[in-house]
Structure formats: structure tokens, C-alpha cells
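Data block below; observations after.
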Amino acid sequence: MSKKILANDGISNSGILALEAAGYEVLTTNVAQEQLANFINEEQITGLLVRSATQVRKELIDACPSLKLIGRGGVGMDNIDVDYAREKGLHVINTPASSSASVAELVFAHLFGGVRFLYDANRNMPLEGDKNFKALKKNYGKGTELRGKTLGVLGFGRIGQATAKIALGIGMKVIYHDPFLEEAQINLPFYDGQSISFNLKSCSKEELLKSSDFITLHVPAQKEYVIGKADFEIMKNGVGLVNAARGGVIDEVALVAAIDSGKVSFAGLDVFESEPVPEVRILMHPKISLSPHIGAATGEAQDRIGTELAEQIIQLLD
């Protein structure tokens with residue numbers, strides 16, 4: 001059997017080294033979607049590794065008999081026809097635990113930046129900082145603290161729980177809604193070996209929307225909006241909202257309307273409904289903090305992802 005792995009959306013050096021040590025050849029050529037089937041067949045690729053860019057649909061699976069394994073570096077597998085691949089006898093793997101802490105930290109980058117208007121200050125200081133310093137100081141001088149506020153977490157899987165840990169660590173109250181997880185124990189370990197545990201219970205979505213000062217979404221891709229027009233109406237006035245989960249779980253038209261009406265004070269978006277071409281109204285909005293789908297993109301997370309993929313591949317294919 002050929003031992004060739006194509007990491008079409010890249011893989012960390014730690015992952016490459018682990019695979020090479022086990023006798024695999026790792027190709028990191030980025031092959032265009034329409035040329036992928038040809039490349040896999042010509043090179044007799046055994047394993048295809050992707051992140052969120054490459055689509056692995058039924059047609060590609062059918063066209064590539066050499067494939068034995070499809071791996072997703074990260075959590076969501078909505079770009080892969082998972083059930084079909086498994087029916088065909090392929091291994092389908094992902095790395096659900098590797099990037100949780102990175103995504104959680106990005107959520108808080110957006111939250112901390114949001115409550116102190118950094119997303120706007122960083123746009124305006126270069127333009128007007130030397131001329132209108134006092135006016136800018138006045139504009140941005142009405143910040144709020146996160147400590148003591150309530151964070152509502154919609155979806156309480158690994159990333160939702162990692163986000164809750166940071167919130168608890170800075171003194172926030174955490175509530176969550178998850179139809180699949182009635183209760184959760186959050187263990188908060190500290191650098192010196194001490195740890196503290198919190199026992200949380202899922203509340204209704206309506207209760208979460210009504211009670212939260214800030215809301216963060218950690219749900220998989222959906223056919224329907226998780227947050228739509230009616231949901232915004234239930235929220236507290238001045239709520240802050242972060243989406244580092246998947247584009248399309250928030251109705252962006254309703255979001256812009258809610259920000260413009262003052263219902264939502266700011267939003268932090270790492271993912272977009274029309275990704276990879278976000279709407280100009282979103283990109284130009286002065287009350288939206290923006291990042292280009294980088295939740296899992298830290299050196300540490302990519303190292304963990306690469307190593308975890310390599311371990312699973314060696315276990316399954318050797």
C-alpha cells in the first residue's frame with residue numbers, strides 16, 4: 001500500500017515529522033479543488049488531510065479509489081461527506097480537542113476589545129490620534145468591565161467549555177444552553193497545581209438570551225439560524241455578541257439591524273455567512289470587531305492538531 005498523505009490545507013511540522021518517522025511521505029502541495037481528484041489518483045494518495053477550505057464531497061470520494069482516510073484538522077466536518085465516506089469504508093478523523101483553547105482565547109480577544117472599543121479605536125487612532133486625541137479619549141472613555149457580568153454560552157461542547165473556563169477565571173458568571181448536555185462540571189486548573197470545580201446546568205435558550213450581558217456561540221453549522229430576528233428582541237439592551245463558530249448561525253441582516261437600533265452594543269465575528277467574501281456592510285460596520293476565521297490558527301493549536309492527526313493515521317493505517 002502506498003503511504004502518501006496529502007495535507008491540502010497544510011499541516012504543522014510536528015505532524016509531518018511524526019508521519020515521516022512512521023514511514024509516510026507527506027505532500028503539502030495546495031491542489032486546486034477542480035484538480036484534486038486527478039492529483040490524488042496520479043500520486044496514489046492514501047490519506048487526504050484538510051482544514052475548512054478543501055471540500056471532500058461524494059464525487060471526489062467516488063473518483064479516488066486509492067483514498068483510505070480523510071482527516072480534518074479541527075472540529076467541524078461540514079466540508080466532508082462523512083457518512084458517505086464511512087459507508088465506502090474510509091476512515092474519517094478529526095481533532096476535536098486540539099483547538100478549543102485557541103478559539104476560546106479569540107472569543108475573549110473580541111470581548112475584551114469590544115467592551116473597550118479597541119476594534120474602532122484601532123481604526124481611528126492612526127487617522128486622527130494626533131489631531132483629535134481628546135475627542136477620541138472622550139468617545140472611547142465609556143468602557144465596561146467583563147468581571148461580574150453574565151456570559152451566555154450557546155452550545156457547550158469542548159470549545160464552549162474552554163470559553164467558560166476563561167470567563168470563570170476573570171470573575172464572570174457563566175450560563176449555558178445545550179440541548180444535548182443537561183449538566184457539566186468545569187474544572188479550572190491553575191499554574192501551581194491548584195484547581196477549582198464549577199457545576200453548571202443547562203438553561204433554556206430563552207432564559208440565556210434574556211439574562212446574558214454577553215453571548216458567544218459554539219454550535220456546528222446549521223440549516224436554520226440559531227440567532228435570528230426574534231432572538232435579538234429577547235436579549236438585554238446593549239448585549240455584546242461573539243461568533244467564532246460557523247458562518248450562517250447568526251442572521252447577519254438581523255444582526256446589523258440590532259446593532260443599528262442599539263439593542264446590540266457590539267459584535268465580534270470570526271466567521272461569516274458569505275465566507276470567504278463577507279458582506280461589505282459587515283466589514284465596514286464601526287461596531288463590529290473582525291477576524292478572518294482564525295479561531296484555531298495559533299502555533300500551539302496547529303502543533304497539537306498535526307500531532308493528533310499523525311497519531312490517528314499511524315494507528316488506523318499501519
Residue 70 being under 26 Å from the mean Cα position of the chain (by Cα), under 27 Å from residue 155 (Cα atoms), among the hydrophobic types (A, V, I, L, M, F, W, C) and in a strand (DSSP E or B): yes
Residue check, residue 58 over 20 Å from residue 304 (Cβ atoms), touching a residue at least 40 places away in the same chain (Cβ under 8 Å) and over 23 Å from the mean Cα position of the chain (by Cα): no
Residue among 153, 103 that alone is in a helix (DSSP H, G or I), surrounded by 14 or more Cβ atoms within 10 Å (Cβ to Cβ) and β-branched (Val, Ile, Thr): 103
Filter result (among the aromatic types (Phe, Trp, Tyr) and in contact with a helix residue (DSSP H, G or I) (Cβ under 6 Å, 6 or more places away or on another chain)) within region 127-173: 140
Candidate set from region 274-289 (those that are in contact with a His (Cβ under 9 Å, 6 or more places away or on another chain) and open to solvent by 40 Å² or more (accessible area, probe 1.4 Å)); member that is nearest to residue 240 (Cα to Cα): 275
Some residue of region 276-284 being among the aliphatic types (A, V, I, L, M) and in a loop (DSSP other than H, G, I, E, B): yes
Verdict on residue 221 being buried (at least 20 other Cβ atoms within 10 Å of the Cβ) and part of a loop (DSSP other than H, G, I, E, B): no
Cβ pairs under 8 Å, 6+ apart, first in region 260-286 and touching a residue at least 12 places away in the same chain (Cβ under 8 Å) and more than 20 Å from residue 140 (Cβ to Cβ), second open to solvent by 100 Å² or more (accessible area, probe 1.4 Å) and assigned to a helix (DSSP H, G or I): 263/233
Among (1) open to solvent by 60 Å² or more (accessible area, probe 1.4 Å); (2) assigned to a helix (DSSP H, G or I), the one test that residue 30 misses: (2)
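The values are calculated or read from the model by the stated rules, or taken from the named source; none is laboratory data. None of these values were measured; they are calculated from a predicted model. Neighbour counts are summed over all protein chains in view; Cβ atoms, including those assigned to glycine, are modelled from backbone coordinates with ideal geometry. In case anyone asks, the SASA skips ligands and DNA or RNA and just uses the protein heavy atoms, side chains included. Shrake-Rupley method; radii C 1.70, N 1.55, O 1.52, S 1.80 Å.
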